[in-house]
Every structure is written in C-alpha cells, then in structure tokens.
Amino acid sequence: MPNQTNSKRISISLNPDLYAVISDLDDLRNKRMSMVVVELMEEMHPFLSQVSNGFKEVNESNNKNEVLKP
C-alpha cells in the first residue's frame, strides 16, 4: 500500500465496462474503488516497469528494428 505522504494523485476516466468491474471488486472486497485500482497497479508494477524499460530501449536506439527483434 502506498505511503500517503509520498503518493501522487492522478485523475482517470474509465469506460463503463471497466468501471463496472472495478465497482464490483469494490463491493466484493469492501474497499474503496481507489484502493482497488492502487492494489491492481501495484500488482502490475513489475510488468509495467519492463514495458517502460522496453520503450526506453527502443526510443534510445539508433536501430529500432534491431531492438525489436525477438
């Protein structure tokens, strides 16, 4: 769980289907929607870091096609 003093706020808009899923999780887990989203993002953090690093590598490369090879 994030430290409230160090947390940064963002505003997001969700499509109705995604909102309904988050709302259901809110009800089922008896947690605020914001906490449901925070917990999901924390679970995804390692994957998101890998994706971010991959984009950085592509953006910094002189030969983007070479970086994208499997």
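The values are calculated or read from the model by the stated rules, or taken from the named source; none is laboratory data. Here the structure is a predicted model, which means the values were calculated and not measured. Positions of Cβ are generated from backbone atoms using ideal geometry, with glycine treated the same way; all protein chains shown enter the neighbour counts. All accessible areas refer to the heavy atoms of the entire protein, side chains included, with ligands and DNA or RNA removed. Shrake-Rupley method; radii C 1.70, N 1.55, O 1.52, S 1.80 Å.
Annotations
- The set of residues in the range 19-70 being farther than 23 Å from S7 by Cβ, among the hydrophobic types (A, V, I, L, M, F, W, C) and either touching a Cys at 6+ places or on another chain (Cβ under 8 Å) or open to solvent by 100 Å² or more (accessible area, probe 1.4 Å) (or both) consists of L28, F55, L68.
- Among the candidates N53, N65, N6, N59, residue that is modelled with pLDDT under 95 and part of a loop (DSSP other than H, G, I, E, B): N6
- Each residue in the range 21-33 was checked for being assigned to a helix (DSSP H, G or I) and either touching a helix residue (DSSP H, G or I) at 6+ places or on another chain (Cβ under 9 Å) or modelled with pLDDT under 95 (or both), and 6 of them qualify.
- Complete set of residues in the range 37-56 that are charged (D, E, K, R) and more than 9 Å from the chain's Cα centre (by Cα): E39, K56
- Residue count for the range 9-18, restricted to those that are loosely packed, with under 10 Cβ neighbours inside 10 Å and not in a helix (DSSP H, G or I): 6
- Residues that are within 22 Å of R9 (Cα to Cα) and hydroxyl-bearing (S, T, Y) within the range 35-70 comprise S49, S52, listed in sequence order.
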